[in-house]
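Colleague: Can you keep this structure in mind? I'll have questions shortly.
A short reminder: the numbers here are calculations on the coordinates, not readings from a lab. Every value quoted in this text rests on a predicted model; they were computed, and no experiment measured them. Here the Cβ positions follow ideal geometry from the backbone for every residue, glycine too, while neighbour counts run over all protein chains shown.
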Amino acid sequence: MSRRCGLIAALDTTYVGQALGWSRAIGGSCGMVKLGLEFFLANGAEGVRALAGVPVFLDLKLHDIPNTVAGAMRAVLPLRPRMLTLHASGGTAMLSAARSAAEEAGADRPLLLGVTVLTSLDAAALDGIGVAGGPREQVLRLARLALAAGMDGLVCSPLEVAMLREDLGDDPVLVVPGIRPAGTAADDQARTMTPAEAVAAGADWLVVGRPITRAADPARAAAAIAAEIGA
């Protein structure tokens, strides 16, 4: 699995048929598709299995007590996702339990990604939930914790990529949502960057949803982003 300059299409839908249609249209440009809570809660494991043969990033953002998260990890391993997310704010014990459970899959285990600060949150939103210091400070704190607990990489805003590379080096896999091609709307993302800017900062995988799936021609939109980043 190539790490650098990969494109992941976020298939935010409750319909298996729609997800399949998108994945077939954009397959030549995207290294993976992302299935999140919306899709998983509507269709469960069978929905993921319906995309057999498509590399899947399962974005469930697991966050619970360690024993429950370890059990959830074991439950999704048979689906063989390429990557899986957990909230780094769940703490060291939770993340370590997830890593131990994932190891049971051996070489087929997914890459585990710690979610730092959601891209919809800015400094004011963090302050509202009692987190002082702003997004950058919180991202770095949680990033260090996640990697120390056994995560393979991180999910972060594009605005924190360069900072994380400087502090953590090249080893962590950085998966970056909040990507908006020039001229497109930011929607509900508070901390965004263009594809080329994110790659230049050190991102490995770019997650793009609505600019692809809501485009008049999703295949063309995905191909344009892939060309921009050299994927």
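Colleague: Could you tell me which residue of the range 92-135 is farthest from Pro81 (Cα to Cα), considering only residues that are surrounded by fewer than 17 Cβ atoms within 10 Å (Cβ to Cβ) and of a type outside the set (Gly, Ala, Ser)?
Modeller: Among those residues, the one meeting the criterion is Asp127.
Colleague: Under 22 Å from Pro66 (Cβ atoms) and not basic (Lys, Arg): is that true of Ala182 in this structure?
Modeller: No, not satisfied.
A quick yes/no check of all residues on (1) in a strand (DSSP E or B); (2) more than 21 Å from Glu160 (Cβ to Cβ); (3) out of contact with any Leu (no Cβ under 8 Å at 6 or more places or on another chain); (4) of a type in the set (Ser, Thr, Tyr):
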site	(1), (2), (3), (4)
Glu38	no, yes, yes, no
Val48	no, yes, no, no
Leu51	no, yes, no, no
Thr68	no, yes, yes, yes
Leu86	yes, no, no, no
Ala107	no, yes, yes, no
Gly114	yes, no, no, no
Ala124	no, no, yes, no
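Colleague: Next up: When the residues of the range 149-178 are narrowed to those that are among the aliphatic types (A, V, I, L, M) and assigned to a loop (DSSP other than H, G, I, E, B), which ends up farthest from Met32 (Cα to Cα)?
Modeller: It comes out as Ala149.
Colleague: Failed condition for Met73, given (1) under 30 Å from Gly28 (Cβ atoms); (2) assigned to a helix (DSSP H, G or I), with all others met?
Modeller: Met73 satisfies all of (1) under 30 Å from Gly28 (Cβ atoms); (2) assigned to a helix (DSSP H, G or I) except (1).
Colleague: Which ones in the range 126-140 are under 22 Å from Val176 (Cα atoms) and assigned to a helix (DSSP H, G or I)?
Modeller: Residues satisfying the conditions are Leu126, Gly134, Pro135, Arg136, Glu137, Gln138, Val139, Leu140.
Colleague: Then there's this: Every residue in the range 17-35 that is surrounded by 19 or more Cβ atoms within 10 Å (Cβ to Cβ) and either touching a residue at least 60 places away in the same chain (Cβ under 8 Å) or not in a helix (DSSP H, G or I) (or both), please.
Modeller: Answer for the range 17-35, where residues must be surrounded by 19 or more Cβ atoms within 10 Å (Cβ to Cβ) and either touching a residue at least 60 places away in the same chain (Cβ under 8 Å) or not in a helix (DSSP H, G or I) (or both): Trp22, Ala25, Ile26, Ser29, Cys30, Gly31, Met32, Val33, Lys34, Leu35.
Colleague: For the condition of a type in the set (A, V, I, L, M), in contact with a strand residue (DSSP E or B) (Cβ under 7 Å, 6 or more places away or on another chain) and under 18 Å from Ala143 (Cα atoms), what is the one hit in Leu126, Leu95?
Modeller: So the residue among Leu126, Leu95 that is of a type in the set (A, V, I, L, M), in contact with a strand residue (DSSP E or B) (Cβ under 7 Å, 6 or more places away or on another chain) and under 18 Å from Ala143 (Cα atoms) is Leu95.
Colleague: Okay, next question. Take the residues in the range 37-55 that are loosely packed, with under 13 Cβ neighbours inside 10 Å and either of a type in the set (A, V, I, L, M, F, W, C) or touching a strand residue (DSSP E or B) at 6+ places or on another chain (Cβ under 6 Å) (or both); name whichever of them is farthest from Pro81 (Cα to Cα).
Modeller: Filtering first and then ranking leaves Ala42.
Colleague: Just to be sure, is Leu62 closer than 21 Å to Gly153 by Cβ, out of contact with any helix residue (DSSP H, G or I) (no Cβ under 7 Å at 6 or more places or on another chain) and surrounded by 21 or more Cβ atoms within 10 Å (Cβ to Cβ)?
Modeller: So Leu62 fails the test.
Colleague: Looking only at the range 65-91, filter to residues that are of a type outside the set (A, V, I, L, M) and more than 26 Å from Ile8 (Cα to Cα); which one of those is surrounded by the most Cβ atoms within 10 Å (Cβ to Cβ)?
Modeller: Pro66
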